[in-house]
1. Hey, among the residues in the range 314-372 that are part of a strand (DSSP E or B) and modelled with pLDDT under 90, which one's surrounded by the fewest Cβ atoms within 10 Å (Cβ to Cβ)?
2. Tell me, which residue of the range 385-408 that is aliphatic (A, V, I, L, M) and part of a strand (DSSP E or B) is nearest to the chain's Cα centre (by Cα)?
3. Select from the range 254-297 the residues that are within 13 Å of the chain's Cα centre (by Cα), over 15 Å from residue 361 (Cβ atoms) and basic (Lys, Arg) and list them in ascending order.
4. Conditions first: (1) in contact with a helix residue (DSSP H, G or I) (Cβ under 7 Å, 6 or more places away or on another chain); (2) outside the structural domain of residue 615 (by TED's automatic domain parsing). Residue 350 passes all but one, so which condition is the exception?
5. Could we say that residue 507 is touching a residue at least 40 places away in the same chain (Cβ under 8 Å), assigned by TED's automatic domain parsing to the domain that holds residue 590, within 31 Å of the chain's Cα centre (by Cα) and in a helix (DSSP H, G or I) here?
6. Could we say that residue 276 is buried (at least 16 other Cβ atoms within 10 Å of the Cβ) and in contact with a Ser or Thr (Cβ under 8 Å, 6 or more places away or on another chain) here?
7. What do you reckon, is residue 299 among the hydrophobic types (A, V, I, L, M, F, W, C), touching a residue at least 40 places away in the same chain (Cβ under 8 Å) and surrounded by 22 or more Cβ atoms within 10 Å (Cβ to Cβ)?
8. Pick from 82, 34: which is among the small types (Gly, Ala, Ser) and either without any contact (Cβ under 8 Å) to a residue 24 or more places away in the chain or crowded, with 16+ Cβ neighbours inside 10 Å (or both)?
Amino acid sequence: MAVFELPFSVVDATGHECDKENCELVQQLSPELAEVALQNSFLLRYLHTLPVDEIGVPIYHEELARTDGDEENPNFIYKAHAGGTFVHIFPDPEGIRDWYIAIEPSVEHPQFPKIMADIEESLIEYTNELESAQGDQQLGAMLRWTLAHIFKQPVEMELWEIMALPKGFQGEVIEIVEPPALPEGVVSDDAEAVLEAGSRSVALAEKPVQKDRDPKKKSSLFVPIAKLFSGSSKSDIDIAKKWNLDTDAIEGINYSMVREKVGMGVLQPLINDHHIEDISCSGVGQIFIEHKVFKSMKASFGYQTHAELDEHVLRMSERIKKPVTFRQPVVDASLPDGSRINIVYGQDVSLRGTNYTIRKFSEDPISIIQLCKWGSLSWEMAAYLSITIEDGMNMFVSGETASGKTTLMNALCTFIEPNAKIVSIEDTAEVNVPHKNWIKEVTRKPKPGETDSGVGMFDLLRAALRQRPEMIIIGEIRGEEGLIAFQAMQTGHPVMATFHAASVQKLIQRLVGDPILVPKNYVDNLNIAVIQIATRLPNGKLGRRAVAINEIVNYDSAADAFSFVEVFQWDPITDTFEFTGFNNSYLLEQVIAPSRGYPPARRRQIYSLVKRRARILEKLAASGLEDYDAVYRTIAKAIKDGVF
């Protein structure tokens, strides 16, 4: 992985010892940037390499705001969501794609390959323990603890990391830093809330209890990383003393080891940044990024040769247990954090060489209140959808790729009855449901050489019908599972799903056509089609909008035509939404109002419920409520108390 030419000349700061009281650079930094730089030596070293007289001092943000993307020439540094790394956003002089520069702990030592070989030799003693780790979280904590023991240094770890360690790895606790106050309304015995509050402990590592191990057993995961740096193994020694490694160097080595062994290698800083939506490698050359705030960007690193690219992709595919080969060059899989990755391996099927695309998974789903505040849909639309979901209407969120379909469907799950049993079925896990009684199922492709070991969407959906769910959520309908979904609708199982179609007409065409082949007289079991698109807004920016909500009424076999009513419509000129179905909604008046006990003469009073719920959602937004889980808990309680 090479660092490409940056848009500024790098200052040689080798040998510079920063005196924070007298350092000219530190004096130029803002108080916020100076504070965080002095706490993170690798960030301070990076700042010393910047030609600040030429490019100016970067502006520091602990967290980005959406308005930061309006800056014409951004020169920002912000902290990544995880991993303790930072990011420098810098403008491209040519104005095509701005630069994304990852700032990580690193070590610059002329004998680095030999140092890594010594560490690998020391790690052999812990091979069995490390390979027994349950999941990446525990593996990362165990590896950090082991490295601390090897270097005979205290290690600072998050409380959740210490709790993840198995018995025998927990050493003597030197200091515990009390966690901050819990959020209002969270009780003190809520263990998850305590961990999320960011408690930190500083602890001293001890050698873990050794287990009997087979000397002939070879590690599959812990293949010596020294091989990557052309090193060779050495005897067990005091590594820090032998190579005269200071605290900064040890920090860089620890970071690199965890990044390579547990993370996704050089891509890990991008994985750590929750502002990134997509990571794209088109072959040899730079990596490209779609950023939530700064949109299309280019990373400061990439691949110089096809061999380098292929080696990294092979290691990455093995890491996610979906190895690519020349026989099976195309792989769809999920990364440990839930992000979706597509790999196309080899120059025989991709003329520019191996390529991959990562669609990031958001750890914190976007709430319906956030979507409304961003203008993706109106408060009335959210209120209308909440009523239809509550009354068991079947719904597809339809649109083109990367239009925000899954994001919207996740947000709408907030409105499902809190005690409902939910079954989700997906090829790649992306659906995020806040309910406790949630069965999360994913497909499994046949193993190479086998024909009967696969489990498809059709199989899982058929099984779901026997699980008595109150709601079936399908990640995406694209084949024969569509027919089973409509049969589920006919038997009274509410279904939500995403679908690839840019309009309700195209949606129906795909449903009744090959390979889905839903009979036309089945289609009106689908009650609602929400059309979601990514579009350019009147202000020139790109945005995502629910441009229409359609009610599918019926199928006229004599005329061979479908009837549907558009109840909401987006105006691209004013970027506003019109309730075109007000006093004209088939579902509200003819289906939902009667089921709620409205007499025929008063059925239009159902629209006042839409207005009332819209006002409630607006008031919740005005109170500062945005977090997905907090929105769910608030709405769930309101539903339970009968006030929503």
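1. Of the range 314-372, the ones part of a strand (DSSP E or B) are 330-334, 340-344, 355-359.
Checking the rest, the ones that are also modelled with pLDDT under 90 come to 332-334, 340.
Working: 332: 12, 333: 18, 334: 19, 340: 20.
Among those that are part of a strand (DSSP E or B) and modelled with pLDDT under 90, it is 332.
2. Here is the first cut: in the range 385-408, the residues aliphatic (A, V, I, L, M) are 385, 387, 389, 393, 395, 397, 402, 408.
When the remaining residues are screened for being part of a strand (DSSP E or B), the result is 395, 397.
Numbers: 395: 24, 397: 20 Å.
Ranking the qualifying residues of the range 385-408, first place goes to 397.
3. none
4. (1)
5. Values: touching a residue at least 40 places away in the same chain (Cβ under 8 Å): yes; assigned by TED's automatic domain parsing to the domain that holds residue 590: yes; within 31 Å of the chain's Cα centre (by Cα): yes; in a helix (DSSP H, G or I): yes.
So residue 507 passes the test.
6. Values: buried (at least 16 other Cβ atoms within 10 Å of the Cβ): yes; in contact with a Ser or Thr (Cβ under 8 Å, 6 or more places away or on another chain): no.
Criteria not met by residue 276.
7. Working: among the hydrophobic types (A, V, I, L, M, F, W, C): yes; touching a residue at least 40 places away in the same chain (Cβ under 8 Å): yes; surrounded by 22 or more Cβ atoms within 10 Å (Cβ to Cβ): yes.
Spelling it out, residue 299 is indeed among the hydrophobic types (A, V, I, L, M, F, W, C), touching a residue at least 40 places away in the same chain (Cβ under 8 Å) and surrounded by 22 or more Cβ atoms within 10 Å (Cβ to Cβ).
8. Working: 82 fails: either without any contact (Cβ under 8 Å) to a residue 24 or more places away in the chain or crowded, with 16+ Cβ neighbours inside 10 Å (or both).
Every option except 34 fails the conditions.
The values are calculated or read from the model by the stated rules, or taken from the named source; none is laboratory data. Treat the numbers as computed from the prediction; the structure is a model and nothing was measured. No Cβ is skipped: glycine too gets one built from the backbone with ideal geometry, and neighbour counts run over all protein chains shown.
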